[in-house]
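Report on one structure; see the data block that follows.
The values are calculated or read from the model by the stated rules, or taken from the named source; none is laboratory data. Because the structure is predicted, anything quoted here is derived from the model rather than measured. Glycine gets a Cβ as well: all are built from the backbone with ideal geometry, and neighbour counts include every protein chain shown. Surface areas here come from the heavy atoms of the whole protein model, side chains and all, with no ligands, DNA or RNA. Shrake-Rupley method; radii C 1.70, N 1.55, O 1.52, S 1.80 Å.
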Amino acid sequence: MSSESLRQQLFNEILLARQRVYAVREPTPLERLDIGTDAEVWVKREDQPPIHAYKWRGAYNNMATLSEEQRQRGVVCASAGNHAQGVALAAAKLGCSATVFMPRPTPMMKRKAVALHGGDHVTVELVGDTYDQAYHAARDYAAEHGLAFVHPYDDLATMGGQGTLADEVVMSGTGPFDVAYVQIGGGGMAAAVACWLKHYMPGIRVVGVEAEGQASMKAAVAHGGPVELESLDIFCDGTAVQRAGDLTFELCRELIDEFITVSNAEVCNAIRRFWNWRRRIVEPAGALGLAGLLSQQDRLSGKRALAITCGANLDFSQLAVIAADTGIGGQVRRHLRFRIDESPGALLGLLRDVLGGCNIVEFLYGKARAEYAEPVIGLDASDEVLQTVMQRCAAVGMPVTDITDGEDVDFRVINYDASLFHQPLLLRYEFPERAGALNEFLETIQPRANVCYFNYLYSGERVGRALVGLEFDTDGDRQAFLELLDEHPVLRLRHRVLSAETTQRMLGLPTGGQ
Ligand SMILES: Cc1ncc(COP(=O)(O)O)c(C=O)c1O
């Protein structure tokens, strides 16, 4: 089939899908977003109900085009989340049954959402560890039982439904747009949106956005046909597709003007910025298009641009990872390991002279050697700030290594040799989250104690909490310091000495009863 006739067929599918889809739901909003430049940015809010993702459109349209007999027999689908919810909703609306295959590690929240939308109409089968394994099991099951398989993207009826979101953009009268940034998983939404927008806004450029590590459409286009990616990053789980669809490949190759990739950190940053604009968290796949738009914002001066926030189904626990990966104020989080003398005042010197004015978000240090110390500092920094830090290090001859993305950093490993801690005192310390507070603490303790352990991570709260190990020349110095802590007008309220048992655990000493 020539791609021209495929494109025409898709156009016709969208045309027909409108009547079916609009009978079920109201259009989602199209909202203007001020990204702080002179670009006119609009966002199609597909993160809204009924399932907080656009996927119900394609699932419903696909199932509505089946014969009554097929629907009576029931349908099958495979999904890691959003498509399953769409099929569940459509099954309930159309009064048919659906068997939904999901990989076993699917978060409980997504399984519950399927049950919520589908009720008695849906049976969930948890099979395999990956979407692909669930997909093959679902296909086998459908073939064995003679049931219709509702494909999440590689089916014109599914794509036809997804295209209705582009029709709503056209019907809103807000266009035409110069450029649209559309995320690609299997490529169904991108193909449909590009097909419809290019018909009604002939001058529009459509940019397909994929996450690094899951760019299966970019690989397919480069290769001249769909290829299986050797490895698949699943951070953006909604778009994690190992191999582009056959139909979607043909359509995207023709309809998409440029394929770009963004990093997971850029996706996290787009989520954070959307939160700042709208107080709404979109899921990683839902923010991909916006991340693509932001990555090209310097090309958008005076232009009218469109992005789609197409999903908001994420497990609450993922927020911690997203927040840690976003950096603050559009900066990137980096981890630097410095080598300084293991001597009193060296740490304070590092913070004051090298890192002065920097936004410190993490501090990992443990005394592991008698001669030198290697604290790891996490910074949210722009390229310029990073360069300044490197220059300051070079000026004072301080060795520094960028160890961002190291597994030890990812897992917050702190090396220390507790046998080197002399007369140690371990305490929790809370300081106000403002510039200089950490330095003030170190300045206060520095003449009396040496830091042998420090563990701090910015949490977004007004107070920063650190686990601190101090060491002293003599037991008398340690006692004197404890008295000072209890009398000091500020430190008194901000510290808590660890219990003997916790201290023993941290020092690797046997604890009572063991
Ligand atoms: C939130 C979200 N965005 C994007 C996609 C990708 O859609 P497609 O497979 O049609 O490219 C999906 C697919 O499930 C999704 O759930």
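Going by what's in this entry, would residue 118 be described as within 13 Å of the ligand (Cβ to nearest atom), farther than 21 Å from residue 29 by Cα and either crowded, with 21+ Cβ neighbours inside 10 Å or at pLDDT below 95 (or both)?
So residue 118 does not fit the description; no.
Only residues that are within 6 Å of the ligand (Cβ to nearest atom) and either without any contact (Cβ under 8 Å) to a residue 40 or more places away in the chain or part of a loop (DSSP other than H, G, I, E, B) (or both): list them for region 172-194, please. Step through it out loud before you land on a result.
Our first condition is that a residue be within 6 Å of the ligand (Cβ to nearest atom); within region 172-194, this holds for 183-190.
Hits for region 172-194 are 184, 185, 186, 187.
Could you say which residue among 57, 71 is surrounded by 16 or more Cβ atoms within 10 Å (Cβ to Cβ), at pLDDT 95 or above, farther than 19 Å from residue 186 by Cβ and not acidic (Asp, Glu)?
71
Quick one: in region 121-169, of everything that is under 16 Å from residue 191 (Cα atoms) and not in a helix (DSSP H, G or I), which residue is nearest to the ligand (Cβ to nearest atom)?
153
Assuming residue 59 fulfils every condition listed in (1) over 30 Å from residue 136 (Cα atoms); (2) within 16 Å of the ligand (Cβ to nearest atom); (3) small (Gly, Ala, Ser) apart from one, which condition is it?
Residue 59 satisfies every listed condition except (1).
Anything in region 240-254 that is modelled with pLDDT under 95 and open to solvent by 40 Å² or more (accessible area, probe 1.4 Å)? List them, or say none. Show your work before the answer.
Let us first name the residues in region 240-254 that are modelled with pLDDT under 95, namely 240-243.
Answer for region 240-254, where residues must be modelled with pLDDT under 95 and open to solvent by 40 Å² or more (accessible area, probe 1.4 Å): just 243.
From 355, 319, 379, 386, which residue is at pLDDT 90 or above and more than 24 Å from the chain's Cα centre (by Cα)?
Testing whether each residue is at pLDDT 90 or above and more than 24 Å from the chain's Cα centre (by Cα) leaves just 355.
Determine which single condition residue 44 fails, assuming it passes every other condition in (1) more than 30 Å from residue 127 (Cβ to Cβ); (2) open to solvent by 10 Å² or more (accessible area, probe 1.4 Å); (3) touching a residue at least 60 places away in the same chain (Cβ under 8 Å).
(2)
Here is a yes/no grid of residues against (1) in contact (Cβ under 8 Å) with a residue 12 or more places away in the chain; (2) closer than 13 Å to residue 188 by Cβ; (3) within 14 Å of the ligand (Cβ to nearest atom); (4) assigned to a loop (DSSP other than H, G, I, E, B):
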residue: 217; (1), (2), (3), (4): yes, yes, yes, no
residue: 225; (1), (2), (3), (4): yes, no, no, yes
residue: 230; (1), (2), (3), (4): no, no, no, yes
residue: 235; (1), (2), (3), (4): yes, no, yes, yes
residue: 238; (1), (2), (3), (4): yes, yes, yes, no
residue: 248; (1), (2), (3), (4): yes, yes, yes, no
residue: 251; (1), (2), (3), (4): yes, yes, yes, no
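How about region 69-110: which of its residues are over 13 Å from residue 238 (Cβ atoms) and either part of a loop (DSSP other than H, G, I, E, B) or assigned by TED's automatic domain parsing to the domain that holds residue 237 (or both)?
Within region 69-110, 74, 95, 96, 97, 103, 104, 105 qualify.
Return the only residue of 153, 141 being open to solvent by less than 60 Å² (accessible area, probe 1.4 Å) and among the aromatic types (Phe, Trp, Tyr).
Result of the check over 153, 141: 153.
Please name all residue pairs, on different chains or six or more residues apart, with Cβ atoms under 6 Å, provided the first residue is in region 370-396 and is assigned by TED's automatic domain parsing to the domain that holds residue 356 and under 13 Å from residue 332 (Cβ atoms) and the second residue is open to solvent by less than 20 Å² (accessible area, probe 1.4 Å) and assigned to a strand (DSSP E or B).
Qualifying pairs under 6 Å: 378/335; 378/361; 378/362; 380/361.
Scan 257, 237, 178 and give me the residue that is surrounded by fewer than 24 Cβ atoms within 10 Å (Cβ to Cβ), charged (D, E, K, R) and in contact with a Gly (Cβ under 8 Å, 6 or more places away or on another chain).
Details: 257 fails: in contact with a Gly (Cβ under 8 Å, 6 or more places away or on another chain); 237 fails: surrounded by fewer than 24 Cβ atoms within 10 Å (Cβ to Cβ).
None of the other options fit; the residue is 178.
Does residue 272 meet the test of being out of contact with any Phe, Trp or Tyr (no Cβ under 8 Å at 6 or more places or on another chain), at pLDDT below 95, away from the ligand (no atom under 16 Å from the Cβ) and closer than 27 Å to residue 86 by Cα?
Yes: the conditions hold for residue 272.
Does any residue of region 46-62 turn out to be within 21 Å of the chain's Cα centre (by Cα), at negative phi and part of a helix (DSSP H, G or I)?
Scanning region 46-62 turns up at least one residue that is within 21 Å of the chain's Cα centre (by Cα), at negative phi and part of a helix (DSSP H, G or I).
Quick check: is even one residue across region 301-314 surrounded by fewer than 20 Cβ atoms within 10 Å (Cβ to Cβ) and assigned to a helix (DSSP H, G or I)?
Scanning region 301-314, I find no residue that is surrounded by fewer than 20 Cβ atoms within 10 Å (Cβ to Cβ) and assigned to a helix (DSSP H, G or I), so the answer is no.
Return the pair list, or none, for Cβ contacts closer than 6 Å from residues in region 12-25 that are within 17 Å of residue 50 (Cβ to Cβ) to residues that are modelled with pLDDT under 95, at least 6 apart or on different chains.
If the second residue must be modelled with pLDDT under 95, no pairs are left.
Restricting attention to region 279-292, which residues are out of contact with any helix residue (DSSP H, G or I) (no Cβ under 8 Å at 6 or more places or on another chain) and within 16 Å of the ligand (Cβ to nearest atom)? Before the answer, list the steps.
First, pick out the residues of region 279-292 that are out of contact with any helix residue (DSSP H, G or I) (no Cβ under 8 Å at 6 or more places or on another chain): 279, 289, 292.
Passing the criteria: 289, 292.
Give just the number: which of (1) more than 22 Å from residue 163 (Cβ to Cβ); (2) surrounded by fewer than 20 Cβ atoms within 10 Å (Cβ to Cβ); (3) within 16 Å of the ligand (Cβ to nearest atom) does residue 106 not satisfy?
The failed condition is (2).
Taking the stated definitions as given, is residue 482 under 26 Å from residue 411 (Cα atoms), open to solvent by less than 80 Å² (accessible area, probe 1.4 Å) and modelled with pLDDT of 90 or more?
Values: under 26 Å from residue 411 (Cα atoms): no; open to solvent by less than 80 Å² (accessible area, probe 1.4 Å): yes; modelled with pLDDT of 90 or more: yes.
So residue 482 does not fit the description; no.
Of these, 98, 78, which one is surrounded by 24 or more Cβ atoms within 10 Å (Cβ to Cβ) and over 20 Å from residue 283 (Cα atoms)? Reasoning before the result, please.
Working: 78 fails: over 20 Å from residue 283 (Cα atoms).
From the options 98, 78, the qualifying one is 98.
Residue 369: in contact with an Asp or Glu (Cβ under 8 Å, 6 or more places away or on another chain), at negative phi and either within 16 Å of the ligand (Cβ to nearest atom) or in a loop (DSSP other than H, G, I, E, B) (or both), yes or no?
The answer is yes for residue 369.
Can you say whether residue 479 is among the polar types (S, T, N, Q) and touching a Gly at 6+ places or on another chain (Cβ under 7 Å), as far as the supplied structure shows?
Judged against the criteria, residue 479 is not a match.
When you go through (1) closer than 28 Å to residue 199 by Cα; (2) at pLDDT 95 or above; (3) surrounded by 15 or more Cβ atoms within 10 Å (Cβ to Cβ) one by one for residue 31, which number turns out not to apply?
All conditions are met except number (3).
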